[in-house]
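Have a look at the structure below, then the notes.
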């Protein structure tokens, strides 16, 4: 697709590049990059900012369509994900033993319907079984998709009361940010795996 240079955000693209670099260096266990997993958080923040901006703009103009929003997200995420799952399913059929292949198919099905983060939360990300899971990384896509499902509905509900009041939106976002942050801190202490796989807190656990 052609890039509209007036809309293209080079600053956001640079943040994405730094986030990817941090995650890659973390997985290769490069010294001093133990916090590289925060790159996933950066991606989530960027996605939240961009999607919220799209929705609020559409609501302000009165032309926002939740069906179109979901359709665009599906077209952006699903083709690449399904292609990856299909390729691995075919290749692993010849490489895996039946028991291992059965586990892989279960993981593949969960990834395809954006359920993998819920499936994996009972295991440690650094367990041996997790490290052998080729689709482990799809947990973040599941979190992202679940966020996309909820966000427009929440903003449409909020907008019914705020009527595009920017100060009202700011107050709601600040309160929500504080509540979510405090909740994530408690979840990280008491349910670190669930916190990690559901909202990307507790990466250091």
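Just one residue in the set 86, 149 is over 30 Å from residue 176 (Cβ atoms) and assigned to a helix (DSSP H, G or I); that residue is 86. Please verify whether residue 30 is over 23 Å from residue 174 (Cα atoms), touching a helix residue (DSSP H, G or I) at 6+ places or on another chain (Cβ under 6 Å) and surrounded by 11 or more Cβ atoms within 10 Å (Cβ to Cβ), treating the condition exactly as stated. No, not satisfied. The single condition among (1) surrounded by 13 or more Cβ atoms within 10 Å (Cβ to Cβ); (2) under 20 Å from residue 197 (Cβ atoms) that residue 150 does not meet is (1). Reported count of residues in segment 95-110, each being more than 11 Å from residue 85 (Cα to Cα) and assigned to a helix (DSSP H, G or I), is 8.
Answer yes if at least one residue in segment 121-139 is under 22 Å from residue 51 (Cβ atoms), in contact with a helix residue (DSSP H, G or I) (Cβ under 7 Å, 6 or more places away or on another chain) and touching a residue at least 60 places away in the same chain (Cβ under 8 Å), and no otherwise. Scanning segment 121-139 turns up no residue that is under 22 Å from residue 51 (Cβ atoms), in contact with a helix residue (DSSP H, G or I) (Cβ under 7 Å, 6 or more places away or on another chain) and touching a residue at least 60 places away in the same chain (Cβ under 8 Å). Checking 140, 130 one by one, the residue that is under 21 Å from the mean Cα position of the chain (by Cα), within 27 Å of residue 34 (Cα to Cα), part of a helix (DSSP H, G or I) and modelled with pLDDT under 80 is 130 and no other. For segment 153-171, a tally of residues being under 30 Å from residue 115 (Cβ atoms), more than 22 Å from the chain's Cα centre (by Cα) and surrounded by 13 or more Cβ atoms within 10 Å (Cβ to Cβ) returns 2.
Restricted to segment 1-20, and to residues there that are loosely packed, with under 12 Cβ neighbours inside 10 Å and assigned to a loop (DSSP other than H, G, I, E, B), the residue that is modelled with the lowest pLDDT is 1. Scoring residue 69 on the criteria (1) in contact (Cβ under 8 Å) with a residue 40 or more places away in the chain; (2) not in a helix (DSSP H, G or I) leaves a single failure, condition (2). Answer with yes or no whether residue 83 is surrounded by fewer than 16 Cβ atoms within 10 Å (Cβ to Cβ), out of contact with any strand residue (DSSP E or B) (no Cβ under 9 Å at 6 or more places or on another chain), at pLDDT 95 or above and over 17 Å from residue 197 (Cα atoms). Answer is yes for this residue.
The values are calculated or read from the model by the stated rules, or taken from the named source; none is laboratory data. The model shown is predicted, which means the values in this text are computed figures rather than measured ones. Cβ sites come from the backbone with ideal geometry, for glycine too, and all protein chains shown count toward neighbours.
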